[in-house]
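Quick notes on the structure that follows.
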Amino acid sequence: MKILITAGPTREYIDDVRFLSNASTGRMGYALASAALAHGHEVELVTGPVELTPPAGCHVHRIETTDQLRETCLQIFPECDGVIATAAVCDYRPRQRVSGKITKTGQPIVLELTETSDVLAELGSLRQHRWIVGFALESQDPRNNAMRKLRMKNCSCIVLNDTSAIGSATNLVEVLSPEAETIAIFQGPKEAVAEQLMGLIETSIVGKTAE
């Protein structure tokens, strides 16, 4: 299979040197890329800025902003069999980006934010015969929020984890079906979790199409 994997954070610039982002390390996405390659699949890795070396053998597409992520994924997705979306997309961006560097004046400033593009939802609308594995990082009402994301983004399944996964070498995930059933629970080093998720995708997800 040819698999699109997104990983790491996106950045939304306030001015030429400052940006909004998050603490994603990209480790889960990179581990999934390694697992997919080890299973003999072709990997298109779309990665935000992280301090990791991409697995040898994958095709790497480096992005920074959410719009760049969107544009790259829309170009690649039609050629792929499925997508694993682990990227921690920045949900908001400044309404206007300031050219140059904002100078301190000693006074407060107001930063007006707007929502960024929902990249996974757009891929979900183009799903057709492909499978989509989403990730949901939740801290409140996790199952309900994860299921809402699954349905809004037309995912084949969604991988639920919590904020303790950020920056950690380990992860605890629950894989939920469109019927809100628990397909599997995996825990351990992210590399081991990635291997188990890849096996689950091959045995339980591939071949299922959107109704």
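Some notes on this structure:
- Criterion (small (G, A, S), more than 25 Å from A38 (Cβ to Cβ) and surrounded by fewer than 18 Cβ atoms within 10 Å (Cβ to Cβ)) met by exactly one of G124, G199, G106, G167: G106
- Applying the condition of being among the small types (G, A, S) and at pLDDT below 95 to segment 1-53 and asking which residue is surrounded by the most Cβ atoms within 10 Å (Cβ to Cβ) yields S24.
- Considering segment 13-29, and only residues there that are of a type outside the set (S, T, N, Q) and out of contact with any Asp or Glu (no Cβ under 9 Å at 6 or more places or on another chain), the residue that is nearest to I132 (Cα to Cα) turns out to be G29.
- Taking first residues from segment 59-80 that are farther than 14 Å from G29 by Cβ and partners that are in a helix (DSSP H, G or I), the Cβ contacts under 8 Å between residues at least 6 apart in sequence or on separate chains come to T66/V119; R70/V119; R70/E122; L74/E122; L74/L123; F77/L123.
- Looking only at segment 182-211, and only at residues there that are modelled with pLDDT of 95 or more and of a type in the set (D, E, K, R), the one that is farthest from the chain's Cα centre (by Cα): E202
- Exactly one residue out of S125, S204 is free of Cβ contacts under 8 Å to residues at least 60 places away in the same chain, among the hydroxyl-bearing types (S, T, Y) and closer than 20 Å to V46 by Cα: that is S125.
- Test result for I201, in a helix (DSSP H, G or I) and under 26 Å from Q75 (Cβ atoms): yes
- Among (1) in contact (Cβ under 8 Å) with a residue 24 or more places away in the chain; (2) outside any loop (DSSP other than H, G, I, E, B); (3) more than 16 Å from the chain's Cα centre (by Cα), the one test that D15 misses: (2)
- Residue count for segment 89-109, restricted to those that are part of a loop (DSSP other than H, G, I, E, B) and either among the small types (G, A, S) or more than 11 Å from R18 (Cβ to Cβ) (or both): 14
- Odd one out for G167 among (1) farther than 25 Å from A23 by Cβ; (2) not in a helix (DSSP H, G or I): (1)
- If you filter segment 170-192 down to residues that are assigned to a loop (DSSP other than H, G, I, E, B) and of a type in the set (D, E, K, R), you find that the one that is nearest to L32 (Cα to Cα) is E181.
- Any hit, segment 130-137, residues being under 22 Å from L4 (Cα atoms), surrounded by 15 or more Cβ atoms within 10 Å (Cβ to Cβ) and without any contact (Cβ under 8 Å) to a residue 24 or more places away in the chain: no
The values are calculated or read from the model by the stated rules, or taken from the named source; none is laboratory data. Keep in mind that what you see is a predicted model, and the values were worked out from it rather than measured. Glycine gets a Cβ as well: all are built from the backbone with ideal geometry, and neighbour counts include every protein chain shown.
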